[in-house]
1. Cβ-Cβ under 8 Å, sequence separation 6+ or interchain: first residue in the range 42-71 and touching a residue at least 40 places away in the same chain (Cβ under 8 Å) and under 14 Å from His109 (Cα atoms), partner among the aliphatic types (A, V, I, L, M) and assigned to a helix (DSSP H, G or I). Which pairs?
2. Kindly indicate whether any position in the range 2-17 is without any contact (Cβ under 8 Å) to a residue 60 or more places away in the chain and exposed (fewer than 15 other Cβ atoms within 10 Å of the Cβ).
3. Please identify the pairs in which a residue from the range 113-125 that is among the aromatic types (Phe, Trp, Tyr) has its Cβ atom under 8 Å from the Cβ atom of a residue that is open to solvent by less than 10 Å² (accessible area, probe 1.4 Å), counting only partners at least 6 apart or on another chain.
4. Return the residues of the range 33-52 that are open to solvent by 10 Å² or more (accessible area, probe 1.4 Å), part of a helix (DSSP H, G or I) and closer than 18 Å to Ala8 by Cβ; say none if nothing qualifies.
5. Right, Leu80: part of a strand (DSSP E or B) and in contact with an Asp or Glu (Cβ under 7 Å, 6 or more places away or on another chain) or not?
6. When the residues of the range 106-136 are narrowed to those that are open to solvent by 50 Å² or more (accessible area, probe 1.4 Å) and not in a helix (DSSP H, G or I), which ends up farthest from Tyr54 (Cα to Cα)?
7. Could you check, for the range 57-75, whether at least one of its residues is in contact with a strand residue (DSSP E or B) (Cβ under 8 Å, 6 or more places away or on another chain), of a type in the set (Asp, Glu) and either open to solvent by 10 Å² or more (accessible area, probe 1.4 Å) or at pLDDT 95 or above (or both)?
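The values are calculated or read from the model by the stated rules, or taken from the named source; none is laboratory data. What you see is a predicted model; the values in this text were computed from it and never measured. No Cβ is skipped: glycine too gets one built from the backbone with ideal geometry, and neighbour counts run over all protein chains shown. When the accessible area is computed, the model is the full protein with side chains, heavy atoms only, and any ligands, DNA or RNA have been set aside. Shrake-Rupley method; radii C 1.70, N 1.55, O 1.52, S 1.80 Å.
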Amino acid sequence: MVSTLFSACQFQEQCHTWQEAVQLACHPLEEQGAITNGYTQAIIRETERHGPWYILSPEFALPHARPEEGVLSSKTHLSLLCLKEAVPFPGHPDVRLIIILAAANSTQHIEMIQQLVCWLDEAERLQQLSHTTSLAQLHSTLEER
């Protein structure tokens, strides 16, 4: 399930800004040709304009933009970034789990969010990922069934 759910998974000790965290989380999808840098910039721009409306819990952010902002793939992609130290987003000081959603269309957007939420709910994965302190711990959590 994990290999089909996430196109990329990363662990980082820290990011100095939320913008850096978004760029780092988006980078593998840019490298894979799933999104353009314009998609990354759209997430940052919209966050600066409207705030981080995509914060789903105190430690979890699901940044995304509209597909026409730079999703190149016909399938939806998720890129996971776990941080050892929290990075502050506007009004949300404790974000440690960032999952970029790059949806090809609105139907896939809803379907992927449903799959992701169900997966995070199983075995308290959201809690585990939000408190990951090493790459080995991240791999262990992702490999649990």
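1. The qualifying pairs are Leu62/Ile113; Leu62/Leu116; Pro63/Val22; Pro63/Ala25; Pro63/Ile43; His64/Ile43.
2. Residues of the range 2-17 that are without any contact (Cβ under 8 Å) to a residue 60 or more places away in the chain, as a first pass: 3-4.
Subset that is exposed (fewer than 15 other Cβ atoms within 10 Å of the Cβ): 3-4.
So far as the range 2-17 goes, yes, one or more of its residues are without any contact (Cβ under 8 Å) to a residue 60 or more places away in the chain and exposed (fewer than 15 other Cβ atoms within 10 Å of the Cβ).
3. Once the first residue is among the aromatic types (Phe, Trp, Tyr) and sits in the range 113-125, its partners that are open to solvent by less than 10 Å² (accessible area, probe 1.4 Å) give Trp119/Leu5; Trp119/Arg125.
4. Scanning the range 33-52 gives a single hit, Asn37.
5. no
6. Thr133
7. yes
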